[in-house]
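The structure under discussion appears below in the form of structure tokens.
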Amino acid sequence: MENGNRHPEIKTTTDFSIFPKIEFRPYMLEAAYDYLEASRSVRAGRPRLILSALSLEIILKSFNSKPSENFNKIDERYEFSAPTVNGGKPGGRKPHDLYELFKTVPNAFHPLILRRASDIEVIVLQKDAFAKARYFYEKTEYINGTNQYNRHVNRLQEIATYSLCMLTLLYKFQGCGDLFINFTEAVTDFEKSEASRWYIVRDPDEP
């Protein structure tokens, strides 16, 4: 675990007026939603983790992606182009590293990603989940004799869920006219009921 990853000052909010203007990438959020919904349909923990990681990866990349095709259409295409972080560019060297991608998100938007102070620790632990956990029949990394990709499966899904809902609600608040943003049933449920349908109850042994 890297030092300095704790964010005890993180506070959630439903006052979306405090956030700066964001560039809308609705088709990316719709793609993230599709993978997140797919993660709910699988029973096994490892596939659920991989799909949740992919969903969160797309969400994080949406902050630094630019339109490349089908401009202003419902299926607008985007290209990820992140700023350099610590000498490395996630878009090239580590395109699936969740922690590197998180560091490219402007600080003002961090409350849209992190609901708990410990969420960043889960992101660090599972930063390579999509890249390294897919072939679970092969040799993988272990921590204290335990496969790290069997840990915090629900928590990563929970972080992706919270991030997607909060970002979608921000888009809606700032006037995005996309059909998915305005009419997706899951986000409407989140807005009305504190995510009674979406929010995952974490495992008892997870922080």
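Among residues of region 93-120 that are without any contact (Cβ under 8 Å) to a residue 12 or more places away in the chain, those with a Cβ under 9 angstrom from a residue that is charged (D, E, K, R), sequence gap 6+ or separate chain, pair up as 93/100; 94/100; 94/127; 94/128. One residue stands out among those in region 29-62 that are touching a helix residue (DSSP H, G or I) at 6+ places or on another chain (Cβ under 7 Å) and among the acidic types (Asp, Glu): the one that is farthest from residue 111 (Cα to Cα), which is 30.
Scanning region 15-26 for residues that are in contact with a helix residue (DSSP H, G or I) (Cβ under 8 Å, 6 or more places away or on another chain) and in contact (Cβ under 8 Å) with a residue 60 or more places away in the chain gives 16, 17, 19, 20, 22, 24, 26.
Please return the ranges of helices (runs of 4 or more DSSP H) entirely within region 91-176 where 2 or more residues are of a type outside the set (Lys, Arg) and at pLDDT below 90. Walk me through how you get there before you give the answer.
Details: elements: 98-103, 119-125, 129-132, 153-173.
By residue number, 129-132, 153-173.
Anything in region 1-35 that is part of a loop (DSSP other than H, G, I, E, B), modelled with pLDDT of 90 or more and hydrophobic (A, V, I, L, M, F, W, C)? List them, or say none. Hits for region 1-35 are 19, 22, 24. If only residues of region 22-44 that are within 24 Å of residue 81 (Cβ to Cβ) and of a type outside the set (A, V, I, L, M, F, W, C) are counted, the one that is surrounded by the most Cβ atoms within 10 Å (Cβ to Cβ) is 25.
The values are calculated or read from the model by the stated rules, or taken from the named source; none is laboratory data. Source: prediction; values computed, not measured. For neighbour counting, all protein chains shown are included, and Cβ atoms are generated from backbone atoms with ideal geometry for every residue, glycine included.
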